[in-house]
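S.K.: Handing you a structure now.
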Amino acid sequence: MSPKKLLPADAYTIGLIYVKPLEMNAITVMLDEEYERVSLAMGDKNEYVLGRIGKHNVAIVGPARGAQGKVAIADVVASIHWSFNNISIGLLVGIGGGVPHLPNQDVRLGDVVVGAPEVGPAVVQYDLGKETTTGFEVTKTLNKPPALMLRVVNAVEDKYLRQKAGDESFFTTHLRRFNEFPRLRERYRRPSALDRLFLADYRHEPGSDCNKHDKQFEIQRAGRNPADEVYIHYGTILSGDRVMKSEITRDKISGQFHNAICFEMEAAGLMDEFPCLVVRGICDYSDSHKNKDWQEYGAATAASYTRELLLNMSERIVPGLERPVDRDMEAKDNDGLTALHRAARDGDQEEVQRLLDNGANIAARDKENRAALFWAAREGHDDVVLLLLDRGANIHARVSWGSTALHEAAAEGNEEVVRVLLNRGARVTARNKFGNMALHSAARRGQMGAMRLLLERGSDIEAAGDHGFTPLHQAARDGQSAAALFLLQNGANPKSLNKDALTPSQVAVKYGHKQVMKSIEEYT
């Protein structure tokens with residue numbers, strides 16, 4: 001066996017995320033080539049399988065065995081950018097429970113559901129919201145997956161629909177890959193168990209065999225030709241903390257959200273942190289009759305669809321990796337700074353342009369894991385920030401303490417840079433290793449202009465960060481009276497408690513900022 005190829009971490013651009021080991025197995029079967037593991041950053045808690053599908057280098061990652069739900073996925077996603085700075089797109093690939101809406105959405109076992117509806121949100125966390133005078137209002141949705149992935153979804157749909165008579169389906173082609181693995185071949189084959197959909201008011205009796213249930217309670221559906229054909233459905237996916245096992249509840253909740261066609265438990269954990277497309281292979285009908293017979297096959301069809309997506313997606317060249325390295329240009333000083341770092345820090349746009357034109361590595365890191373974009377954002381050079389972003393700099397890259405360029409620009413009060421980063425897709429929800437968002441960074445330094453921009457883009461004014469500090473706690477601890485008043489005027493809760501059960505005014509007293517305490521108490 002030839003040795004595995006070793007690529008730098010910056011060569012990986014797509015994250016494939018699973019929850020169950022059976023999903024991981026299905027995804028890894030789709031690799032054209034598996035690569036050697038790379039060294040990981042200290043803050044990265046994950047383990048990865050690395051490889052290539054088509055022209056794309058992918059990192060396959062999931063939670064620890066037995067962990068599931070949105071919290072487990074959120075922990076996984078939070079660590080990815082510690083080591084893989086150029087992964088900007090993710091696919092959550094695995095199994096889910098289908099919700100047929102006959103005759104329009106005839107979802108069946110083994111079919112694939114893609115969270116990409118033409119109307120409505122892609123993912124809804126249906127069990128998180130607030131009670132209002134008109135009923136329960138959901139507060140967490142993922143409106144659209146990355147536009148790039150939606151364009152590829154269109155391309156795959158077009159290919160699927162234009163399949164000619166006699167041509168082999170790409171599902172058949174990709175599922176055949178399991179035949180190469182003797183221990184997986186039978187497990188991931190389409191099961192012999194019948195695909196039966198029962199009436200919503202017909203509940204499964206514990207201990208009984210679904211195959212022996214009376215056919216009068218079964219919904220009769222038209223046959224498919226061929227019988228094992230896999231259909232692709234596009235619609236809203238419902239994500240929650242519990243396994244859906246009630247037919248009546250399933251139909252009621254689904255009907256409230258654009259006739260959603262799938263239930264699962266993890267996608268909500270990616271909403272804030274990671275631009276993602278959700279792909280689910282249907283293994284049951286989210287009802288009392290659910291069992292595990294179709295789980296492996298559902299994982300296999302979801303993985304097969306994912307492979308087809310990547311085969312139809314154009315390669316994106318990672319800046320700095322497509323050319324031979326100029327050793328002089330990449331030379332580092334005692335702080336690990338390259339010529340590009342220094343030019344970006346100094347705001348020398350012409351020199352940055354020249355270095356990039358001559359092959360400088362835009363992803364190069366200094367000793368604190370800072371790229372050129374971070375330095376330009378820190379020093380307030382919005383023109384250099386724009387140039388670096390136009391040339392492919394990773395806007396989500398993290399430094400050794402987990403902060404992004406947005407954190408730093410907000411902390412420094414560089415409002416124009418904050419505006420540029422937000423317009424280019426920087427996430428206000430990104431947290432550093434201490435759990436703080438950019439709003440915390442701005443509050444700590446009293447940067448009200450940056451705070452205003454972040455709040456306008458949806459930053460959570462009550463988000464708890466380090467030691468349970470909200471941005472108001474942060475302003476109080478650091479003696480920022482004006483910032484504290486600004487936050488109060490924008491709805492911050494003066495009674496919120498940190499992990500020590502202290503209010504912001506009590507924190508102000510603890511750290512010797514009586515004027516801040518006075519400002520808070522006078523306002524309230």
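S.K.: I need the full set of residues from segment 1-23 which are in a loop (DSSP other than H, G, I, E, B), of a type in the set (A, V, I, L, M) and either under 18 Å from Ala303 (Cβ atoms) or in contact with a strand residue (DSSP E or B) (Cβ under 8 Å, 6 or more places away or on another chain) (or both), in order please.
M.R.: Answer for segment 1-23, where residues must be in a loop (DSSP other than H, G, I, E, B), of a type in the set (A, V, I, L, M) and either under 18 Å from Ala303 (Cβ atoms) or in contact with a strand residue (DSSP E or B) (Cβ under 8 Å, 6 or more places away or on another chain) (or both): Leu6, Leu7, Val19.
S.K.: In segment 169-195, what count of residues is obtained for those that are in contact with a Lys or Arg (Cβ under 9 Å, 6 or more places away or on another chain) and not polar (S, T, N, Q)?
M.R.: 6
S.K.: Can you find a residue that is crowded, with 24+ Cβ neighbours inside 10 Å, touching a residue at least 12 places away in the same chain (Cβ under 8 Å), touching a Gly at 6+ places or on another chain (Cβ under 7 Å) and at negative phi anywhere in segment 397-417?
M.R.: Checked against the condition, which is being crowded, with 24+ Cβ neighbours inside 10 Å, touching a residue at least 12 places away in the same chain (Cβ under 8 Å), touching a Gly at 6+ places or on another chain (Cβ under 7 Å) and at negative phi, segment 397-417 yields at least one hit.
S.K.: Let me ask something else about it. In this structure, does Gly94 turn out to be part of a strand (DSSP E or B), of a type outside the set (Ser, Thr, Tyr) and under 22 Å from Cys262 (Cβ atoms)?
M.R.: yes
S.K.: Does segment 24-54 hold any residues that are within 23 Å of Thr301 (Cβ to Cβ) and either part of a helix (DSSP H, G or I) or among the basic types (Lys, Arg) (or both), and which are they?
M.R.: Met24, Asn25, Ala26, Ile27, Thr28, Val29, Arg52 - these are the residues of segment 24-54 that are within 23 Å of Thr301 (Cβ to Cβ) and either part of a helix (DSSP H, G or I) or among the basic types (Lys, Arg) (or both).
S.K.: Which ones in segment 350-367 are touching a helix residue (DSSP H, G or I) at 6+ places or on another chain (Cβ under 7 Å) and either of a type outside the set (D, E, K, R) or crowded, with 23+ Cβ neighbours inside 10 Å (or both)?
M.R.: Val352, Gln353, Leu355, Ala360, Ile362, Ala363, Ala364
S.K.: Taking the condition closer than 25 Å to Ala344 by Cβ and touching a residue at least 24 places away in the same chain (Cβ under 8 Å), does Ala464 pass?
M.R.: For Ala464, the condition - closer than 25 Å to Ala344 by Cβ and touching a residue at least 24 places away in the same chain (Cβ under 8 Å) - is not met.
S.K.: Among the residues of segment 336-357, is any touching a residue at least 12 places away in the same chain (Cβ under 8 Å), within 18 Å of Ala411 (Cβ to Cβ), not β-branched (Val, Ile, Thr) and not in a loop (DSSP other than H, G, I, E, B)?
M.R.: So far as segment 336-357 goes, yes, one or more of its residues are touching a residue at least 12 places away in the same chain (Cβ under 8 Å), within 18 Å of Ala411 (Cβ to Cβ), not β-branched (Val, Ile, Thr) and not in a loop (DSSP other than H, G, I, E, B).
S.K.: Is it fair to say Ser400 is more than 25 Å from Gln489 (Cβ to Cβ) and not in a helix (DSSP H, G or I)?
M.R.: Considered against the rule, which asks whether it is more than 25 Å from Gln489 (Cβ to Cβ) and not in a helix (DSSP H, G or I), Ser400 comes out as yes.
S.K.: Is it the case that Leu439 is under 21 Å from Leu373 (Cα atoms), modelled with pLDDT of 95 or more and under 20 Å from the mean Cα position of the chain (by Cα)?
M.R.: Here the answer is no, as Leu439 does not meet what is asked.
S.K.: Here's a follow-up. Could you run through segment 501-524 and say how many residues are touching a Lys or Arg at 6+ places or on another chain (Cβ under 9 Å) and assigned to a loop (DSSP other than H, G, I, E, B)?
M.R.: Number of matching residues: 5.
S.K.: Would segment 253-272 turn up any residue that is in contact with a helix residue (DSSP H, G or I) (Cβ under 8 Å, 6 or more places away or on another chain), modelled with pLDDT of 90 or more and not in a loop (DSSP other than H, G, I, E, B)?
M.R.: No, every residue in segment 253-272 fails to be in contact with a helix residue (DSSP H, G or I) (Cβ under 8 Å, 6 or more places away or on another chain), modelled with pLDDT of 90 or more and not in a loop (DSSP other than H, G, I, E, B).
S.K.: How many of the residues in segment 11-54 are touching a Lys or Arg at 6+ places or on another chain (Cβ under 9 Å), of a type in the set (Asp, Glu) and closer than 18 Å to Ser79 by Cβ?
M.R.: Qualifying residue count, segment 11-54: 1.
S.K.: Could you figure out which of (1) part of a helix (DSSP H, G or I); (2) over 14 Å from Asn436 (Cβ atoms) isn't true of Gln474?
M.R.: Failed condition: (2).
S.K.: Let me ask another. Sort out which residues of segment 27-45 are in contact with a Ser or Thr (Cβ under 8 Å, 6 or more places away or on another chain), modelled with pLDDT of 95 or more and not acidic (Asp, Glu), and write them in order of number.
M.R.: Ile27, Met30
S.K.: As an exercise: evaluate Arg370 against (1) modelled with pLDDT under 95; (2) closer than 19 Å to Phe274 by Cβ; (3) surrounded by 24 or more Cβ atoms within 10 Å (Cβ to Cβ) and give the number of the one condition it does not meet.
M.R.: (2)
S.K.: Please count how many residues of segment 405-435 are assigned to a loop (DSSP other than H, G, I, E, B) and either modelled with pLDDT under 95 or of a type in the set (Asp, Glu) (or both).
M.R.: Residues flagged as assigned to a loop (DSSP other than H, G, I, E, B) and either modelled with pLDDT under 95 or of a type in the set (Asp, Glu) (or both) within segment 405-435 amount to 12.
S.K.: Quickly run through segment 229-252 and pick out the residues that are at pLDDT below 85 and of a type in the set (Val, Ile, Thr).
M.R.: Passing the criteria: Val243, Ile248, Thr249.
S.K.: Give the residues of segment 58-75 that are outside any loop (DSSP other than H, G, I, E, B) and either crowded, with 22+ Cβ neighbours inside 10 Å or of a type in the set (Lys, Arg) (or both), sorted by residue number.
M.R.: Residues satisfying the conditions are Val58, Ala59, Ile60, Val61, Lys70, Ile73.
S.K.: Hey, another quick one. Do we have any residue at all in segment 196-208 that's modelled with pLDDT of 75 or more and either closer than 30 Å to Ala72 by Cα or not basic (Lys, Arg) (or both)?
M.R.: The answer is no; no qualifying residue exists.
S.K.: Give me a count of the residues in segment 159-194 that are surrounded by 10 or more Cβ atoms within 10 Å (Cβ to Cβ) and either assigned to a helix (DSSP H, G or I) or among the hydrophobic types (A, V, I, L, M, F, W, C) (or both).
M.R.: Residues meeting the conditions: 17.
The values are calculated or read from the model by the stated rules, or taken from the named source; none is laboratory data. For clarity, every value in this text was computed on a predicted model and none was experimentally measured. Counting neighbours? That spans all protein chains shown, and the Cβs are built from the backbone with ideal geometry, glycine included.
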